[in-house]
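Comments concern the structure below.
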Amino acid sequence: LSTRESLLLKSLGLSAKPSPRSPAPVPSVLWRIFQKREIPSPWSPGREDACRVEEFNVPGNIIRVFSDQGHFLHSGGPRTLLCLEKHLYFNLSVLEDGEQLTMAQLQLQFGHNSYRAPGPGQVFELRLYHAPPPSLRELPSPAASCRLLLAQSFAQLHKSLLFNLTQVGRDWRTPSRNLGLVLEISVSSGARSSALLGRPPGNFCAGADSFLDASLLVVSLQPGQCKASRKKR
Amino acid sequence: SSYYAPVMPSSLCKPRRLYISFSDVGWENWIIAPQGYMANYCLGECPFPLTTELNSTNHAILQTMVHSLDPEGTPQPCCVPVRLSPISVLFYDNHDNVVLRHYEDMVVDECGC
């Protein structure tokens, strides 16, 4: 039975029977897509192109949500305007040979739930850097040796932020190239000015400390398991 | 002359109901949803003469003819799935990642000879 089970699991794209140790909650986006496929609406009853993820408008028949395996480098303190510095790492080695990565989306989630307009201390600057190689990680400020990937401001009222990392994700399929990212959240320049006017800087990080979780949603296509859609004559 | 034995309609090749429960195969701790699904299977005879309802191939029609002439030497054609549909499965993989994967050919919709 175990040999048969192994063959069956292999045909399902698994090397062994999974036994989840610390299973993460199912992301709501996956539940939504699953339920939509389970109960097709009267307006889209067919599965015309089952190897396309309509929700993201990309080809694909596999959607994975990777949990972040990075660690905190720095948490905001009262004397600094750098509120959070964290290594982000997602192990993409589980993608099979022949699988084509068609989309990778980073989601950063925050725990706050405020609908108030952001005040001067509630606007932050977010930067994502390519993580440095291990030889440079011992420097006093690792981010100083990192290549900037993107930067943007955000207000406290955002519950989650999404970033397209498709190209980066493709590079990460080669394990030696996957060093991860460094996430840095700091107080915005406007708030810095206020800080210089004598306000206590510790107050400005309030909000950024509600950072909860980072995850990477990856859509991929295994062409061998996709039938070409046939058009009716 | 050919050998002809009448076949009851209920024993003709057609899909039969089969519900596969993932807990029955011990997969319930890693498959999140569905907990099971109606997979069905094909069973029944493909007798001579093959009717159009039996979704028969030209080869099957000829094989039933040869079978009717020589039942010992040539078997009847098999009853097999001719149309299957996919399902999506939500599960944890070997690294605790949550995966939603589309699998082709999981549900038997039609059978044929």
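Most tightly packed first, judged by the mean number of other beta-carbon atoms within 10 Å of their residues, the peptides B:104-113, B:23-32 read B:104-113, B:23-32. With both labels modelled 7 Å from their Cα along Cα-to-Cβ, the residue A:167 to residue A:212 distance reads 3.1 nm. A Förster radius of 22 Å, combined with the Cβ-Cβ distance separating residue A:58 from residue A:6, puts the computed FRET efficiency at roughly 0.10.
Report, as an integer, the average count of C-beta atoms from other chains found within 10 Å of each Cβ along A:5-13. Display every interim value, and only then the final one.
Numbers: counts 3, 0, 0, 2, 2, 0, 1, 5, 4.
The shielding value for this peptide is 2.
Each stretch of four or more DSSP H residues adds -39500 (n - 2.57); spread over every residue of chain B, this sum gives -3500 deg cm²/dmol at 222 nm. If you take all other residues with their beta carbon under 14 Å from the beta carbon of residue B:41, and give Lys and Arg +1 and Asp and Glu -1, the sum is +1. For residue A:218, the shell of other residues with beta-carbons less than 11 Å away shows a net charge of +2, using +1 for Lys and Arg and -1 for Asp and Glu. Contact order, relative form, for chain B: 30 percent (alpha carbon pairs under 8 Å, 6 or more residues apart, mean separation divided by residue count). Averaged over the residues of A:15-27, the number of partner chain Cβ atoms lying within 10 Å of the residue Cβ comes to 5. Taking label points 7 Å from Cα along the Cα-to-Cβ direction, residue B:8 and residue B:51 give a separation of 1.6 nm.
Measure up A:10/A:36; A:36/B:14; A:10/A:159; A:10/A:86; A:17/A:159; A:227/B:14 against 32 Å on the Cα-Cα distance and list the ones that go over. The partial results should precede the final answer.
Details: A:10/A:36 27 Å; A:36/B:14 29 Å; A:10/A:159 38 Å; A:10/A:86 36 Å; A:17/A:159 35 Å; A:227/B:14 24 Å.
Over 32 Å apart, Cα to Cα: A:10/A:159; A:10/A:86; A:17/A:159.
For residue A:9, the shell of other residues with beta-carbons less than 12 Å away shows a net charge of +1, using +1 for Lys and Arg and -1 for Asp and Glu. Highest mean packing comes first when the peptides B:37-46, A:93-102 are listed by Cβ atoms within 10 Å, giving B:37-46, A:93-102.
Show me the ranking of peptides A:17-29, A:212-224 by mean Cβ neighbours inside 10 Å, starting with the highest.
A:212-224, A:17-29
A Förster distance of 45 Å, applied to the separation of the beta-carbon atoms of residue A:100 and residue B:21, puts the FRET efficiency at 0.85.
Cα extents for chain B along the principal axes, largest to smallest and rounded to whole angstrom: 65, 24, 23.
Approximating the spin labels as points 7 Å out from Cα along Cα→Cβ, the residue A:158-to-residue A:91 distance works out to 2.9 nm.
Since every read-out is calculated from the coordinates, none of them should be taken as a lab result. These figures come from a predicted structure and were not determined experimentally. Neighbour counts run over all protein chains shown; Cβ positions are idealised from the backbone, glycine included.
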